[in-house]
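Everything on this sheet refers to the single structure shown next.
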Amino acid sequence: MSTAKHRMRDKKMRNQPINVTYSSQGSSHWRNGGGTPTGRGHDLSPHPWGHGSSHSGHAQGGGWVRGHQREGHGGYPQALPTHITASAFAKARAAEVNAMLMAVTKTTGSSHVFGGLPKHMRRRAMSHNTKRLPCRLRDMANNMAGQKMKKEQSKSKSRKARRRHGNMLLEFNRRQRKNLWLETHIWHAKRFHVVKRWGYCLGDRPTYKCYRACYRAMSSHCLLQDMSYYCCVELQGPGEQLLAALSKCVVPAGPTFAAAMCVSGRRQGSVVVYRAGQYPLQPLGPVTFLWRPTTQGRGGQEDQGSQGSTHRQLWIWAHPTMKTDLLPELQAVCQCSEAVLPPAPVDLPVPQPAPTPTLAPGPGAGPEAAQTSGSGSKRKWSSREPEAAGPPAKKLLGYSTISATTPVTWRSSTTGIVISDLTMEMVRYRLIGPLSHSVLTETLAPATHTDATGKSRPSPFWWPDHCRDDCNMSLHQQQAGVFNMLRGVYSTAEVPAGSVLGLTVDDPRLTLPNKRSKAVTWSYGTMPSVVSGVNEERRRELMLKGIPEPLSQSSLWDRSVRDNVTHNKMTDQEVNRLRNDVLVPGSRLPTPLQGRVPVLLVQQSGKSQGTEMGSWGAGWDLLLPKAWGMAFWVPLVYRGVRIGGLRMSLKHTQNKGEPHFPHDYPDCPAGARFQEEQEAELLAKFRRRPPAKRTNYIKHGCLAPFRCPWQQLVEEWELIVKEEEGGGGEDAVVPMEQEVTPPQSNFTVLRNRKSLRQLSAWCRPTSSKCQRARNPGSTPQLNRNVAASLLSSHGGSSLVWIRLSLVTKGQPEQHALVCVPTAEDLQLVRKEPGCTGPQEPLHTDHFKSRVKRPRKKDHNKPGTSSSSSANLTNPSSSCTSALTLGLWPEPLPSVTSHCSRVTLGWVTQGDFSLSAGCGEALGLLSLTGLLHTLLRQPDGQRGLVLLRNPGSLQYRFAKINIEV
Amino acid sequence: SNAFLRRYLLCEVCVSDRRNLSLLDDRAIYTATKAAVARAHGDYGAALSSLGFSVKYLNAHTGIVFLRCRKSHYRLLWSALPFITSLENRGQRVPCFLNCLHVGGTIRTCQKFLVRYNTQQLHRMLPLCQSEAERSEIRKSVLSCTLKKEADDEEEEDE
């Protein structure tokens, strides 16, 4: 028997009783069983002194032998007494009972419970999952594994109970306490990978494959996005005061809030906001804004005279990361420090709709029903439920993560401006694509008039009151006419950019088609009579002049109307009941009184810059009052649109050639925050990989694969240029001590249009004919003096946002390096236009040994061999931060001169562009470096740079485009 | 050998003279049983019953023996047990007979039975004691084997 088997057998037999005899001879060494090895001779026979007294033999064994020793240590008398004594008899029995009990109760073999099970009843992974054990052993196993097993889960409600409407709402409300849910959240959660970002739960990308399909939708049909996470800030006050205050926050010579088209309310505008008076430093980010048209038609009679100082209303839409910076700035600019406490949360008297008074059950109805129907013993919680639930759960709407008492409105006593935070007060859907107008015209129908019966008595709903005014009705008819005219439009892009159309529509659930279908545009021949009847002339006028001014008015601007519409929304259940009551199934439902919703349609311009793919990605934004999100979402989806998430909106701006907000604005606080988050995320992902499978970025000569040290870049370029001007005799390598942790980032992104236009012209090869044709001498020729003047006007620490398109193949990635090609590289590409590009020589990783050394030390030290790998830091080395294999430790050496080609900047987003058919990247370059490079490049090859991915050694040629 | 089903016989060796218990060992039991089977069932029966036959446990103090044999032929052994009249060890002959108390399918059931049987014996002894010393001795031993688990066994007895 091998030792392992021996040991196993010993273990198995340790509790079994052994033979008890009086023998003092070696007779018990004989194996019984006729040669079968089943006897238990091993515990007696192998011991060396087995031939001695029985006592020594017994002392070894377990079992009840101990009982013997108590009886007499000096061995047993050879002559036993002839009569039997009760005590000896009893003792012998008792000892035997104990031995047998031990054998019976203790399980053989391993200490697991299932060791006691016969083999054919053992199941795989019984030790991990006690549920695989038979019921009678489960408790024992749980007790044994008690310390390591997780706590037994509290008895949760049954699935049926959990899915009950009230309980589900409670659960949903609990889950959106921390991060806001959009109204379409549940819809998205079923289909999308949802990420928590900026305090919201947002759909990132669908779980199904649709990257190309979404691109096709954007370029030929329609893509829908829920943009409700964009925050709206409302400013109300005298128009002049508002404009004066806001003018401090924008580029002095750029677009402002006061653009004539926008102020009238006909167009939506967009600006980049700065901290007051700080331009060109401290930008906050881009916003879009919308003025409410002046109400001449309705109540304009009283203040016709004082037209200049009318009360104006302005909505500023901003990205949620930016809101934390924007709101205090606006408050400071408008001197709105006086917080207006929100009104006590009084429930608006919800008028019971007359035709369906019994639909909404009373609060107590549900629990009572549960109590009577539930048998009590079976579902014990059902009796407890009413107390736990308290008042029936209400669906959370709007900005639910802040408490009800937090002020969202601020007033100024001096300027009379009121700022209110309308976050989540409205739903904003974005439709992208040339057919978005068809989708809209199919989904929405202008509101029908109410009959005259309601005219006498006041109605709880807003629409009958609204209808009473003839001005409103004529306005509504005009709006409906323009909206119907949109049907004849060939592409969304034909409507002027930023046009705003106010509208009141019927509840789109009433016209929900039975099947999902694809909205199409009508070609001119097959247009139905309704549309073709519309004058062709009028349509052309609409396209040329845009939507006339008064039609941009909408009741959505009125808070009271919004609230009224929100509170009186019919639930889906009620709509379904209406549908059920229709005599002919499938026919159109009668419009109930509360089914009119004011909406705003805002045209979003497509690609406005650059030469190719003009107006790609144009679309409409649909603004709705809150609570109506899903009522519009599903009908839109039924018109065959694709749904995109955050990732698709990134691709949208990328293809449009526009900077995307937090990504391409590193000089804004929100952009800086985003970069930090992104770095942490990428770093964590990198560290999750096993070290042998990680890219060694040091060897690839990539200093910062997860972030872009812009500050260091601009400083180094300034030094380089200075040294070259001042003789250039000094050491080119920048000393590291000077640039360690500048106190605050003071680089900016160049946003001056004139300068950008100049740069854009300089970046193109001057030999191209079309270039000359388009720009007949409007920009000065590039030379040293002009460049120096441009540079001095913007300061050295500027970045330029550029678009790069690769000359040959290659797919740029995030954080790819943009480098200056050397003279040889340029010669190479001139000789051989299709060449792939130069290669970076492989770098050596000096840190590799340092990463490993501490571990060895640990092993040598006695007693600390088991210390965790946390102490990777080498106390003797200069850097104290933990070294990660393949990443440069802080502080970084010179980022520009680290590789064989001088670095100009980095790419913020890069991908293969489906619209251009080649790799395209968006990135930022140092202005100093760019001018420096351009000056040294031959005319025919201006704007040619090298691009290298962080995990690759291959440089590829790319062309710079700066589009204004 | 695990593939065969077994029977375990729990037997009590009854001797007329207590002193002879010292001669009791498993080999003596083994040979005596085999001889008895051979006498009762012939060579064929002896050969059949010797397959897998062994003495699993022997307690000379109480005279308890566990015998193991194949289930298919345990009747051969079982029926031969009454014909054992003596055991032979070291040239000495011990007159005795084997009293079969229990037949079990596993050794565990036999052990369980033995626990119950022994405790029963002890409890039965208790009222029959003559002297106080004896009584205390027995009580002590009863208590020593009825510590924790035995409660169940006693309950079983009561039923």
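The values are calculated or read from the model by the stated rules, or taken from the named source; none is laboratory data. Quantities reported herein were computed from a predicted structural model and do not represent experimental measurements. Counting neighbours? That spans all protein chains shown, and the Cβs are built from the backbone with ideal geometry, glycine included. These area figures cover heavy atoms from the full protein model, side chains too; ligands, DNA and RNA do not enter into them. Shrake-Rupley method; radii C 1.70, N 1.55, O 1.52, S 1.80 Å.
One table, with the values for the structure above:
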quantity: Accessible solvent surface per residue of the stretch A:170-300, calculated while the other protein chains remain in place, 1.4 angstrom probe, Å²; calculated: 43
quantity: Most to least packed among A:130-138, A:94-102, A:557-565 [average Cβ atoms within 10 Å]; calculated: A:94-102, A:557-565, A:130-138
quantity: Test item: B:108-120 mean partner chain Cβ contacts at 10 Å; calculated: 5
quantity: Estimated 222 nm signal from helices in chain B, with DSSP H stretches of n ≥ 4 weighted -39500 (n - 2.57), rounded to 500; calculated: -15000 deg cm²/dmol
quantity: Per-residue average of Cβ from other chains inside 10 Å of B:21-31; calculated: 5
quantity: Test item: A:475-481 mean partner chain Cβ contacts at 10 Å; calculated: 0
quantity: Summed residue charge, Cβ within 15 Å of A:SER228's Cβ, Lys/Arg positive, Asp/Glu negative; calculated: +1
quantity: Highest-first arrangement of A:4-16, A:704-716, where packing means the average Cβ count within 10 Å; calculated: A:704-716, A:4-16
quantity: Cross-link pairs A:LYS569/A:LYS656; B:LYS112/B:LYS140; A:LYS5/A:LYS106; A:LYS157/A:LYS190; A:LYS545/A:LYS626 - those with Cα-Cα distance over 30 Å; calculated: A:LYS569/A:LYS656; A:LYS545/A:LYS626
quantity: Above-threshold pairs, the threshold being 28 Å between Cα atoms, out of A:LYS196/A:LYS518; A:LYS651/A:LYS685; A:LYS160/A:LYS394; A:LYS178/A:LYS693; calculated: A:LYS196/A:LYS518; A:LYS178/A:LYS693
quantity: Protection-proxy order for peptides A:223-236, A:538-551, A:478-491, each taking the mean of Cβ atoms within 10 Å per residue, highest first; calculated: A:223-236, A:478-491, A:538-551
quantity: B/A buried area, accessible surface, summed, 1.4 Å probe, Å²; calculated: 3900
quantity: Hz values of 3J(HN,Hα) by residue in the stretch A:165-172 - Karplus curve (6.51, -1.76, 1.60), Gly and Pro given as x; calculated: 4, x, 5, 5, 4, 4, 5, 4
quantity: Sequence of A:TYR279, A:TYR211, B:TYR117, A:TYR955 from largest to smallest accessible area, 1.4 Å probe; calculated: A:TYR211, A:TYR279, B:TYR117, A:TYR955
